Amino acid sequence: MQVGARHPRPAVEAARGSGSSTARGPILVVAPSWVGDAILSEPLIARLAATGDANEGHPAIDVLAPAWCAPVYARMRGIRRIFDSMLRHGEIGLGRRRELGRTLAGESYARAIILPNSWKSALAPWLAGIPLRTGYTGEARFGIVNDRRPLDRDATPRLVDRYAALAMPDTTALAASAPVLIPDSANRDAAVGSLGLSVDRGISILCPGAEFGPAKRWPAEHFAKLARRFLADGLEVWMLGSPNDKAAAAAVLDSVGDARDSIRDLSGRTDLGTAIDLLSLATVVVSNDSGLMHAAAAVRAPLIALFGSSSPGYTPPISATARVARIDIACSPCFRRECPLGHFRCMRELAPDSVYDLARSSLPSRGNAASPRPDP
């Protein structure tokens with residue numbers, strides 16, 4: 001846990017249950033547990049950072065996040081400090097939450113915004129006595145969340161808009177801005193050197209994993225066919241992913257034949273922050289619906305996002321340089337970890353040639369060097 005200098009407690013007049021969002025002082029954001037969802041919280045951070053005025057200044061914003069999401073928040077503007085929740089996904093950990101509550105109580109927060117809908121995620125801000133605790137009603141959070149917002153799923157179908165709306169005095173349905181992550185250029189350059197990567201020509205990055213389950217993963221043989229076409233176009237081909245994605249990447253290598261040695265498999269060889277930084281070098285990224293998909297969009301990499309069991313209406317990549325590849329099939333989206341019907345048509349029938357055609361307009365001429373895009 002990172003704890004900085006404490007600030008004097010501000011005078012706060014926030015009646016419990018008032019629904020007011022005008023409390024003055026530092027703000028704590030309780031982050032979601034999924035990397036992609038954490039990236040989609042950036043427009044909320046930006047909206048909060050823009051509040052305040054010339055006399056009082058802008059509020060300090062801290063984030064309480066699981067360790068695996070910390071690199072995401074380290075690449076957002078407007079965040080003062082990141083606290084490690086030191087809890088596993090789904091863990092209740094009452095003792096740990098009491099300890100967090102005691103620590104947070106000394107930070108003089110005027111307001112907490114709780115992004116997960118679970119009861120346990122609201123415990124630490126409540127135990128810390130933060131006067132105004134904003135979030136959606138969620139699971140039995142009466143009293144623990146005292147600025148409860150009803151969720152109108154029809155008015156705000158996108159998760160990014162649901163998060164951003166919590167910065168407002170009420171659940172006003174306003175379209176959120178696109179999430180922005182700022183790559184760490186020094187870390188990116190160091191990784192290129194330490195991993196022995198070539199950036200002398202265009203770079204295609206494939207992200208064949210998806211933490212949620214196999215129903216989100218485009219078949220390995222499809223990624224392999226696409227990789228061969230990118231190699232024929234003179235592109236470098238890298239694969240990125242977490243250690244949990246190594247099996248998916250290995251399946252692609254097993255399917256690619258004699259081109260295997262031309263592909264750089266970086267899955268499990270970088271931390272999340274470095275993966276985000278390397279995505280900023282890409283000429284084109286092709287990714288399943290995953291945290292890396294949202295990261296690619298947030299660093300403005302040209303992106304083809306593959307959707308099957310999940311919905312681009314709920315968690316789309318939000319960028320002018322992103323395009324969605326999917327087929328229209330009655331059972332999609334099913335939001336299941338594995339295909340419940342056994343045929344997996346939503347991904348199996350999404351042809352590599354059609355994905356390549358979407359990506360083709362982003363491909364460089366043979367021999368063009370890759371270069372990072374300017375900061376968003």
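The values are calculated or read from the model by the stated rules, or taken from the named source; none is laboratory data. On a predicted model such as this, the values are computed, not experimentally measured, just so you know. Note that we place each Cβ from the backbone using ideal geometry, even for glycine, and neighbour counts take in every protein chain shown.
Observations, loosely collected:
- Yes/no for Arg148 being in the same structural domain as Ala70 (by TED's automatic domain parsing), surrounded by 14 or more Cβ atoms within 10 Å (Cβ to Cβ) and not hydrophobic (A, V, I, L, M, F, W, C): yes
- Considering Ala167, Ala175, the condition of being of a type in the set (Gly, Ala, Ser), part of a loop (DSSP other than H, G, I, E, B), over 25 Å from Leu358 (Cα atoms) and free of Cβ contacts under 8 Å to residues at least 40 places away in the same chain is satisfied by Ala175 alone.
- Exactly one residue among Ile304, Ile263 is modelled with pLDDT of 95 or more and more than 22 Å from the chain's Cα centre (by Cα), and that residue is Ile263.
- Only one entry in Leu278, Leu235, Leu272, Leu195 is touching a strand residue (DSSP E or B) at 6+ places or on another chain (Cβ under 6 Å) and in contact (Cβ under 8 Å) with a residue 12 or more places away in the chain, namely Leu235.
- Annotation: Asp289 fulfils all but one of (1) crowded, with 23+ Cβ neighbours inside 10 Å; (2) modelled with pLDDT of 95 or more; the unmet one is (2).
- Residue within segment 210-218 that is aliphatic (A, V, I, L, M) and surrounded by fewer than 15 Cβ atoms within 10 Å (Cβ to Cβ) present: no
Every residue, every condition in (1) within 30 Å of Thr270 (Cβ to Cβ); (2) at pLDDT below 90, yes or no:
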site	(1), (2)
Trp68	yes, no
Gly90	yes, yes
Trp126	no, no
Pro157	no, no
Ala167	no, no
Ala173	no, yes
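- Among the candidates Leu278, Leu253, the residue that is of a type in the set (A, V, I, L, M, F, W, C) and touching a Phe, Trp or Tyr at 6+ places or on another chain (Cβ under 8 Å) is uniquely Leu278.
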